[in-house]
Amino acid sequence: MNKSKWQSAIEILGIVAVVASLVLVAIELRQTQNAQVAESHSVRATRTIELTFLATELGLAEITEKYTSSLELSQNEIDRATNFNRAFLWHYDDLYFQRAQGLINDATWESKLNGLRYLVNSPLFKVAFPNLDGSGYSGIYENSFLDLARSLQE
């Protein structure tokens, strides 16, 4: 083999090596993204379970029944409802962020929007947050998230 044929063969091998490296990097990126989506799902499930137990622990069913029966709530009951709703707003604010990062697919996001719609229209949410006008929320929740939450209120 003459020198130019060797150079051509080496160049082709170099190109094949670069392409193979790029393919491996793409596979690794895909695996990393899949792992992030799985971890995100696991965290959401755990958080939802914890919030459900918190609602029970705080006696929110009883507080809701009392409120919807037009009975006056104590400051302690209002505080418990507010803290619970704050925690749930943080949960949905985080979901909103995850959606923006591509970690939540369309079907899951629609389901989460239904949950947020239910939350912002629940009686105790209205006790905790009579309005979501943005005052007092600056820097706590994303403004675009608050706009979304306001748009879901009936």
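Coordinate-derived values only; no laboratory data. Bear in mind the structure is a predicted one, so any value in this text is a computation, not a measurement. Cβ: placed from backbone, ideal geometry, glycine included. Neighbour counts: every protein chain shown.
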Problem - Kirkwood Rh, Cα atoms: Rg over Rh of the chain - result: 1.33
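Order these by the 10 Å Cβ neighbour count, fewest first: V16, V120.
Details: V16 10, V120 22.
Going from sparsest to densest Cβ surroundings: V16, V120.
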Practice task
At 27 Å minimum axial length over the Cα atoms and a Kyte-Doolittle cut of 0.0, report the qualifying DSSP H helices in the chain, or say none.
Solution key: 3-57
Practice task
State, as an integer percentage, the relative contact order of segment 25-154 based on alpha-carbon contacts under 8 Å between residues 6 or more apart.
Solution key: 26 percent
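Would you mind calculating the gained length between I140 and E28 on full extension (0.36 nm times residue separation, minus the Cα-Cα distance), in nm to one decimal?
Values: separation 112, 0.36 × 112 = 40.32 nm, distance 3.52 nm.
Here the answer is 36.8 nm.
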Handout entry: Within straight-line cross-link reach of K66, aspartates and glutamates at Cα separation under 18 Å, skipping those fewer than 8 residues along the same chain
Key = E57, E77, D79
Handout entry: For segment 39-113, alpha-carbon Rg and Dmax in angstrom
Key = 14.9, 44
Handout entry: Per-pair calculated FRET efficiency, R0 = 41 Å: S21 and T46 via Cβ, rounded to 0.05
Key = 0.65
